[in-house]
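The next block holds one structure in the form of structure tokens; read it before the comments.
Please treat every number below as a calculation from the coordinates, not as lab data. Predicted model only: the values in this text are computed from it and were never measured. Counting neighbours? That spans all protein chains shown, and the Cβs are built from the backbone with ideal geometry, glycine included.
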Amino acid sequence: MSEFLPRSDADLVIWLNNFALKFAANAVALGFLPADVTAVQTDATTFQYLIQLVEASKDETRERVAYKDVLRDGMTVSVGLGSAPPTLPTVTLPPPPATLAAAGILPRLRALVRRIKVAAAYTVVLGLDLGIEASLPTPPPATSKPTLTLRVLATGSVEIRWNKGVFDGVRVQSRRGTEVTWSELGTDARSPFTDTRANLVPTAPEVRLYRLVYQRGESDFGAFSDVVSVTVTP
């Protein structure tokens, strides 16, 4: 799984809040429970609170350093030598969330994302909205075509191996003997495809030609493969 999380804590706060909101809206469709939504929201609010604490601490440190410098040097526009000390800096802390998350916010998140991406209702477009996909995949070129290799098995069948790539499958066609038109042998979602037909003339060798075209969904995509031939002997 490619890394989809922002690098800085400040950006991560924004990302977590967006993810918690969008996950809540899609959790049921993805097959998750209300408890999963609550856990994500708790993680998001806890992390935001922690970052607010850190920033408040940084602000307090800067103010106390400035206060120390004033008392040490007495050299500011409003404070001269011998002046009464200014008010000691204080920090206002944000209120804690009702429930603090357990340790391991990011490991939990990555495990949840793995579950989301195998859900039946998951799509890349939804993943982009959730922030768990870096970008839409580059569409394959319209000239895409399969490559195939043939092997005659001991049974006389022809095994057709092909490269799947990003496609859903292939449609397989063949010609043999004196045929001048292509016959449909079917579709295949996973290599190899096996042609189990017997020779037209059982006692004679038979030259067979094969070609494949990719499918996306139930539609052809791209061009037919190069035609590859093989001889099947009785």
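Things to note:
- Here the simple spin-label model places points 7 Å from the Cα toward Cβ, and for VAL201 and VAL118 these points are separated by 5.4 nm.
- Annotation note: chymotrypsin sites (Phe, Trp or Tyr not before Pro) in the range 116-182 located in DSSP loop regions with a Cβ neighbour count of at most 15 within 10 Å are TRP182.
- The range 136-234: GluC sites (Glu not before Pro) falling in loop per DSSP and having at most 14 other Cβ within 10 Å: GLU179, GLU218
- Taking Cα atoms only, the orientation of helix 105-117 departs from the longest principal axis of the chain by about 30 degrees.
- With Cα atoms, 0 to 90° folded angle of helix 9-30 axis to the chain main axis: 50 degrees
- Evaluated over the chain, the count of Lys pairs having alpha-carbon atoms less than 23 Å apart is 4 (only pairs 8 or more residues apart or interchain).
- A crude spin-label estimate for the pair ALA111 and ALA98, with each label 7 Å from Cα along the Cβ direction, gives 2.5 nm.
- Inter-probe distance in nm under a simple model that places probes 7 Å from Cα toward Cβ, at SER144 and ARG64: 6.0 nm
- About the Cα centre, charge dipole magnitude for the range 9-130 (Lys/Arg +1, Asp/Glu -1 at Cβ), debye: 420 debye
- Stretching LEU209 away from ASP129 to a fully extended chain increases their span by 24.2 nm, per 0.36 nm per residue minus the current alpha-carbon distance.
- The angle between the Cα long axis of helix 34-73 and the longest principal axis of the Cα atoms of the chain comes to about 40 degrees, rounded to the nearest 10.
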